[in-house]
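A short reminder: the numbers here are calculations on the coordinates, not readings from a lab. All values derive from a computational prediction rather than experimental measurement. Cβ coordinates were reconstructed from backbone atoms using ideal geometry, including for glycine residues, and neighbour counts include every protein chain displayed.
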Amino acid sequence: MKKFLKIKEKINLKKILRLFYLSPILFSLPIIYFSGDAKAGLEFQWDQNSGFKRLKWFQKESKKNFRNKTYFFLRPNDRNTSLLKIDLVVPKTFKTTIKNKNISLCKVKIGGFDSRTKCLENIPADIEIKTEESSFKRINLYPYNPIPSSKDSYAIVLKATNPNKRGLYQFHSYGQPIGNPSSSYLGSWTIVID
């Protein structure tokens, strides 16, 4: 019995010594942190083949229930003629409060790897928010001067709190060109709320 206890003590002592030898190595390894915020360079667009045109957008914050500033870009190749009116159709699932004072239209410098997206010049416009029968919100922007079909990029800037549901939200835009009494489809933005 005593022999068995001595063997057991030797085994326990070996385990403890091994732990002391390995602990400096284990604790000296760098701790790797995986955030899980992998940004894919892929955008999902509903109905790719049915005439939808993908437009570029940028948002400051993509988390749910956070204050956000979203830029809906209208680049030169997105508009063929000067525009008298721009309509932004907000999806009914995008449940947040949208106020006139939090919507603006501006000439924009689209950021990239080494620069930020920012408004260069605010474009004065009348803004009207309508809730339609199908519970879609339609934001109508009437710039005081038509938006020219120049090489400048423009953006509709929406400051709002993100909805409390995660998902993809597809916004559509329509523009009324000079000399045409009705609006025509410009394209769609699909924004992501995490």
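Some values worked out for this structure:
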read-out	value
Listed pairs 64/130; 92/165; 109/151; 99/130 exceeding 18 Å between Cα atoms	64/130
Relative contact order, percent, the range 48-194 [alpha-carbon distance under 8 Å, six or more residues apart]	36
Neighbour-limited loop hits for GluC sites (Glu not before Pro), the range 116-194 (at most 16 other Cβ within 10 Å; DSSP other than H, G, I, E, B)	132, 133
Those residues of the range 165-187 whose amide nitrogen sits under 19 Å from the label point placed on residue 95, 7 Å along Cα→Cβ	165-171
Sparsely packed chymotrypsin sites (Phe, Trp or Tyr not before Pro) within the range 57-155, loop by DSSP, other Cβ within 10 Å at most 15	66, 113, 136, 144
Check: the range 86-137 dipole with +1 on Lys, Arg Cβ and -1 on Asp, Glu Cβ, in debye	280
Extended-chain gain in nm, criterion 0.36 nm per residue less alpha-carbon gap, residue 81 and residue 63	2.9 nm
Volume per residue that the Cα convex hull of the range 54-163 spans, once the total is divided by residue count, Å³	117
9 Å beta-carbon shell around residue 141, net charge (K/R +1, D/E -1)	-2
